[in-house]
Amino acid sequence: MNKSLVLLSDRKEDQIFANSVAAVSDLNLVQVQTPQEAVKIMQDSPPKMVLVDGSSEALFNTFHETVSESLGLYSENVQPNHIHFLSDLPISKAGLLVHSPILGSFIKRDPEQPEESGAHYGRIVNAAIQGKPFGLNEIFEGTAKVQKIEMRNISQKSHILEAVKIYLTAGKWPTRQRSTVLTALDELLINAVYDAPQAAQGSQSQTSPTKIDISQFEPETNIAVTLAFDGTFFGVSVTDLYGSLDKAKLMRHIPKNHLKTEYKPKANTLSAGIGLSMVYQTGGGLVFICEPGVKTEALVYYRRTDSFKDFRNQFRFVSTHFYF
Amino acid sequence: MLQVEKSQKGSIFLFKLSGNIEENTKLDEALGEPKPQMEIHLKDISRINSIGVKGWIKYFQNCQAKGTKITFTECSTAIVEQINLISNFTCGGAIESIYLPYSCGKCRTEQLCLLKVEDLKKLGMNLPTLKCSKCTGTAEFDDIPEDYLAFLSR
Ligand SMILES: [Zn+2]
């Protein structure tokens, strides 16, 4: 695989972003003008990263059609883990792009701070291009102390949240930023405890959530919570041993918006089906790393800011990585 | 863990909620059968997770179906966030007042400011500044007004 970052965009801020990503992840930036040029490189030797301007449906469609016609959407040379789309639109309005099988990552463009965002995103790319499953540990390697907490039963969830709250309070995190981080962790835990085992079983259980014990699903199963803070960025991840993440389902859930259509709770599911969209809408980056049948690590990544306004406005993305 | 303080003012049943609303919260047990008039005080709700939202909607939809007149007062920032994320979060109930988050530009002390919804509507997006409670600085509204007050224009 060639060590290039192929950029298909003529926007100045994308070039700055890509330059920054390339510098952090030690890739060579190659800027192309047409989808055909990008696809030609993918055909000859798939690059470590393809970064495409997906701001409009027309731009996305042209790239998608070229890939489909020249390589085939499911060809070996088309690796979603390495395909990243930049968009001006929020994920709930990004349309077809989000549901494309070739999408690996959705990046909400940050025109105000493309260099800083690129450096931040570059750490994920750097961990991802090593070609093997990675996690919070690899993203923060050498920059922060990484702590791990094991969770063996749902009753431990409140203790874990309390421990993280104490950690953030000791670090003088402002109240609302702290609550946002805690709610995000809570949702990742809910996902790992309620959704992952059911997805692995292929059906939804009817049992009351309070009676669920993860040992019911798999006696050996445990969940690991990992935390890291480097002074600017705080990351928290939840790893389950089911590896049952479904990208299509994930990409249907995250963009959900209940402002235009009312939220109707389903009676036959344990979880609410809105947790991940809540996490995404409250800011930050989401990364999912899945080895099907082995494990899924879901992580959120926040920049600590002086004001909550900046916290809410921070750079955000959804990045998925599957290792079959 | 959710705690509830109950009282009655004439025909209105008052419920003062505090803590977190999550998967173990049973609103039907905590608040009981829907009453004709209910006032829900939400100042001390610090967090609500997605399963908590699901339970909340189920309970208050049931109240709505039974014709309960619901008023939400002193909504915390966590509740306001949900009101802005989910169009039917209040299930036909009226929002009387909300807390607005403020932060001092000088010492970063956080403060909350309680405002009635009818006063907020008059102010539009021109939110007042406050005197910092800790120093001589000025505290400003610390969120995106168009997002935090989005529910006012729905
Ligand atoms: Zn001050």
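The values are calculated or read from the model by the stated rules, or taken from the named source; none is laboratory data. For clarity, every value in this text was computed on a predicted model and none was experimentally measured. When we count neighbours, we look across all protein chains shown, and the Cβ atoms used for this are built from the backbone with ideal geometry, even at glycine. What goes into the accessible areas is simple: the full protein's heavy atoms, side chains included, and nothing from ligands, DNA or RNA. Shrake-Rupley method; radii C 1.70, N 1.55, O 1.52, S 1.80 Å.
If you check residue A:317 against the conditions, is it open to solvent by less than 20 Å² (accessible area, probe 1.4 Å), without any contact (Cβ under 8 Å) to a residue 60 or more places away in the chain and more than 20 Å from residue A:168 (Cβ to Cβ)? Quick ask: steps written out before the conclusion?
Working: open to solvent by less than 20 Å² (accessible area, probe 1.4 Å): yes; without any contact (Cβ under 8 Å) to a residue 60 or more places away in the chain: no; more than 20 Å from residue A:168 (Cβ to Cβ): yes.
In short, no.
Scanning the stretch B:113-139 for residues that are closer than 26 Å to residue B:39 by Cα and hydrophobic (A, V, I, L, M, F, W, C), which turns out nearest to the ligand (Cβ to nearest atom)?
That would be B:113.
Has the stretch B:100-112 got any residue that is away from chain A (no Cβ under 13 Å) and either more than 17 Å from residue A:179 (Cβ to Cβ) or away from the ligand (no atom under 16 Å from the Cβ) (or both)? Break it down stepwise before answering.
The initial filter retains those residues of the stretch B:100-112 that are away from chain A (no Cβ under 13 Å), namely none.
Checked against the condition, which is being away from chain A (no Cβ under 13 Å) and either more than 17 Å from residue A:179 (Cβ to Cβ) or away from the ligand (no atom under 16 Å from the Cβ) (or both), the stretch B:100-112 yields no hits at all.
Counting only residues that are part of a loop (DSSP other than H, G, I, E, B) and of a type in the set (Lys, Arg), which one in the stretch A:238-267 is farthest from residue A:95 (Cα to Cα)?
As a first pass, look at the stretch A:238-267 and keep what is part of a loop (DSSP other than H, G, I, E, B): A:241-246, A:254-257, A:259-267.
Okay, now just the ones that are also of a type in the set (Lys, Arg), so A:256, A:260, A:264, A:266.
Numbers: A:256: 12, A:260: 15, A:264: 22, A:266: 25 Å.
Across the stretch A:238-267, the extreme among qualifying residues is A:266.
Being within 18 Å of the chain's Cα centre (by Cα) and under 22 Å from residue A:261 (Cβ atoms) is the requirement here; does residue B:90 meet it? Full working, then the answer.
Working: within 18 Å of the chain's Cα centre (by Cα): yes; under 22 Å from residue A:261 (Cβ atoms): yes.
For residue B:90, the condition - within 18 Å of the chain's Cα centre (by Cα) and under 22 Å from residue A:261 (Cβ atoms) - is met.
Given the structure, is residue B:13 open to solvent by less than 60 Å² (accessible area, probe 1.4 Å) and more than 12 Å from every other protein chain (Cβ to nearest Cβ)? So that I can check it myself, show each step before the final result.
Numbers: open to solvent by less than 60 Å² (accessible area, probe 1.4 Å): yes; more than 12 Å from every other protein chain (Cβ to nearest Cβ): yes.
Yes; evaluated as a whole, the condition is true for this residue.
Testing residue B:142 on (1) at negative phi; (2) within 13 Å of another protein chain (Cβ to nearest Cβ); (3) out of contact with any helix residue (DSSP H, G or I) (no Cβ under 6 Å at 6 or more places or on another chain); (4) within 16 Å of the ligand (Cβ to nearest atom), one condition comes back false. Which one is that?
(3)
Go through the stretch A:268-295 residue by residue and tally those that are part of a strand (DSSP E or B) and open to solvent by less than 10 Å² (accessible area, probe 1.4 Å).
In the first step, residues of the stretch A:268-295 are kept if they are part of a strand (DSSP E or B); the result is A:285-291, A:295.
Going one step further and asking which of them are open to solvent by less than 10 Å² (accessible area, probe 1.4 Å), we end up with A:285-290.
Of the residues in that region, 6 qualify.
What do you reckon, is residue B:50 within 14 Å of chain A (Cβ to nearest Cβ), within 16 Å of the ligand (Cβ to nearest atom) and crowded, with 16+ Cβ neighbours inside 10 Å? Break it down into steps so the answer makes sense when it comes.
Working: within 14 Å of chain A (Cβ to nearest Cβ): yes; within 16 Å of the ligand (Cβ to nearest atom): no; crowded, with 16+ Cβ neighbours inside 10 Å: yes.
When the stated conditions are applied, residue B:50 does not pass them.
Which members of the stretch A:278-311 meet the condition of being facing chain B (nearest Cβ under 8 Å) and in contact (Cβ under 8 Å) with a residue 40 or more places away in the chain? Working first, answer last.
Quick first cut of the stretch A:278-311, residues facing chain B (nearest Cβ under 8 Å) only: A:278, A:281-282, A:306-309.
Residues satisfying the conditions are A:278, A:282, A:308.
So in the stretch B:87-99, with the set limited to residues that are modelled with pLDDT of 95 or more and either closer than 18 Å to residue B:144 by Cα or open to solvent by 20 Å² or more (accessible area, probe 1.4 Å) (or both), which one is nearest to the ligand (Cβ to nearest atom)?
Within the stretch B:87-99, the match that is nearest to the ligand (Cβ to nearest atom) is B:99.
Within the stretch A:67-90, does at least one residue satisfy the condition of being among the β-branched types (Val, Ile, Thr), open to solvent by less than 70 Å² (accessible area, probe 1.4 Å) and more than 21 Å from the chain's Cα centre (by Cα)? Give the derivation first.
In the first step, residues of the stretch A:67-90 are kept if they are among the β-branched types (Val, Ile, Thr); the result is A:67, A:78, A:83.
Checking which are open to solvent by less than 70 Å² (accessible area, probe 1.4 Å) leaves us with A:67, A:78, A:83.
Still in the list and also more than 21 Å from the chain's Cα centre (by Cα): A:67.
Yes, some residue in the stretch A:67-90 is among the β-branched types (Val, Ile, Thr), open to solvent by less than 70 Å² (accessible area, probe 1.4 Å) and more than 21 Å from the chain's Cα centre (by Cα).
Could you list all residues from the stretch A:242-262 that are over 19 Å from residue A:318 (Cβ atoms) and either charged (D, E, K, R) or crowded, with 21+ Cβ neighbours inside 10 Å (or both)? So that I can check it myself, show each step before the final result.
Here is the first cut: in the stretch A:242-262, the ones over 19 Å from residue A:318 (Cβ atoms) are A:242, A:259-262.
Within the stretch A:242-262, A:242, A:260, A:262 qualify.
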